[in-house]
1. In the range 79-133, what count of residues is obtained for those that are surrounded by fewer than 12 Cβ atoms within 10 Å (Cβ to Cβ) and not basic (K, R)?
2. Could you please find all residues in the range 28-45 being near the ligand (Cβ under 9 Å from one of its atoms) and under 12 Å from the mean Cα position of the chain (by Cα)?
3. Which condition number does I95 fail, the rest of (1) assigned to a helix (DSSP H, G or I); (2) closer than 26 Å to F165 by Cα; (3) within 12 Å of the ligand (Cβ to nearest atom) being met?
4. Counting only residues that are over 16 Å from V42 (Cβ atoms) and within 7 Å of the ligand (Cβ to nearest atom), how many does the range 2-15 have?
5. Across the range 134-163, which residue is surrounded by the most Cβ atoms within 10 Å (Cβ to Cβ) among those that are more than 11 Å from the ligand (Cβ to nearest atom) and either outside any helix (DSSP H, G or I) or at pLDDT below 95 (or both)?
Amino acid sequence: MGKKIFSGVQPTGNLHLGNYLGAIKNFVDLNNDKDNNCIFCVVDLHAITVKQDPKELKNNIRETVATFIASGIDSNKSIIFNQSSVAAHAEGAWILSCVARMGWLNRMTQFKEKAGKDKEKASIGLYSYPVLMAADILLYDATHVPVGDDQKQHLELCRDIAQKFNNDFDVENFLQVPEPLIQKEFSRIMSLKDGSKKMSKSELSDLSRINLTDNKDEIINKIKKAKTDPLPMPQDIKELDERLEARNLLGIYSSLTNSTLENSVKNFAGKNFSEFKEQLAEELVKKIEPISKEIKKLLGDKSFLDEILLDGVEKANLIASKKIERIKEIIGF
Ligand code: TYM
C-alpha cells in the first residue's frame, strides 16, 4: 500500500548538502513511487522562530520551492506549499500545545542547542516549535515522515502528542501516529570544517558546507579545503570511530555513489586524501552542479514558482481544513 508522506524544510537560505542527502534526496525517491501521496512543505512559520529579514524570507521561500523542483520533485505529483498560507497549521499548533506537556518539550535537545546559553532571550516560538511540527504532520494523517537524524526527537514528540490526544478525547486512531523515515546511514552530514558538528545553514563559515547553489569551482575549492587528518586514508572501517572528518567525507562519497561505507573505505584504503578528495569533488559536481544551475534558472521565473505554491496551498488547504474542523468538534468547540 502507498504511503502518506509529509515533510518540511525551513526557508532560511543556504540549503546545503546535509539537507539534500539527509532529506530532499529521499523526498525525490518517495515522490517517484507512484503509490505514494507526498506533501512537501516550506515551513515559513518555523523560520520566524528566529529573526528573519522579510525581503530575504520571501526570496528564501521561492528558493526552497526552486530547490525542491531542481532536485527532482514533481509538482504535478506531489503537493508543494508554504505553511503560513494554510491557517490550520497555526490553529492546530495552538490546540496541540494544550495537549503537549512542558516536561516533554524541556527534553528537546535542539532547543537547548539553538537557544544557547541565554535561553531567557529565545523566542517562545523556538521553544514550542516541535508542537507546530506535530500539527504539520498530524493535519494530513501522514503515515511516514522522511527527515534527517536531527529531527528524530521531534518526531517522537509528535507521536506522543498524537497518542495523548487520541487517549484524552477517547478517539482511537483519530490522529495517525506517524513513522519516521530516517536512513540508517548518512542521515547526519557533518561540517566540512569539524567532523563533530552538524553541517548547518547557520554556521558562519561558508566553507563548512556545500550549498545547493554552489557552482563547480566553489564545490572543488570547499572540498580541497575540507578538514582532514595527517594520516593516509583509513584501512579499516573501525578507524573511522576516531577519525570523524574521514568518516564524514567517506559517508558523503558513499551516499552520492550509492555504495556502502565499507566499500568506500576499501576503495581508498591507504591512499592520499588529495586523491580521494579529487574523486569526491567530481561526484559532488556531478550531482550538485545541475541542481545549482536549475535553481538559478527557476529563480528567474518567479511567477512559475508562485503558481506552484498557489496550487499547492489550495490542495493542502482542502485536506487540512477538514481535519482541523474535526479536531475542533472533538474538543467541544
Ligand atoms: P530543517 O529545515 O532544519 O532541515 C530540513 C531537512 O534536512 C535535514 N537536515 C540534515 N540531514 C542530514 N545532515 C544534516 N547536516 C542535516 N541538516 C538538516 C533535516 O533533518 C530535515 O529533514 N523542523 C524541521 C522542518 C519541519 C518538518 C515538519 C519536518 C517542520 N515541520 C514536519 C518534517 C515534518 C526543520 O527545521 O528542518
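The values are calculated or read from the model by the stated rules, or taken from the named source; none is laboratory data. If you're wondering where the values come from, they're calculated on a predicted model, not measured in any experiment. Cβ atoms come from the backbone with ideal geometry, glycine included; neighbour counts cover every protein chain shown. Ligands, DNA and RNA are excluded from the accessible area calculation, which covers all protein heavy atoms including side chains. Shrake-Rupley method; radii C 1.70, N 1.55, O 1.52, S 1.80 Å.
1. 10
2. Of all residues in the range 28-45, those near the ligand (Cβ under 9 Å from one of its atoms) come to 41, 43, 45.
Selection gives C41, V43.
3. (3)
4. Here is the first cut: in the range 2-15, the residues over 16 Å from V42 (Cβ atoms) are 2-4.
With the extra rule that they be within 7 Å of the ligand (Cβ to nearest atom), the set shrinks to none.
Adding up the residues that qualify gives 0.
5. Filtering first and then ranking leaves T143.
Okay, residues lined up against (1) among the basic types (K, R); (2) open to solvent by 70 Å² or more (accessible area, probe 1.4 Å):
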| residue | (1), (2) |
| --- | --- |
| I288 | no, no |
| K297 | yes, yes |
| L305 | no, no |
| I308 | no, no |
| N317 | no, no |
| E329 | no, yes |
| G332 | no, no |
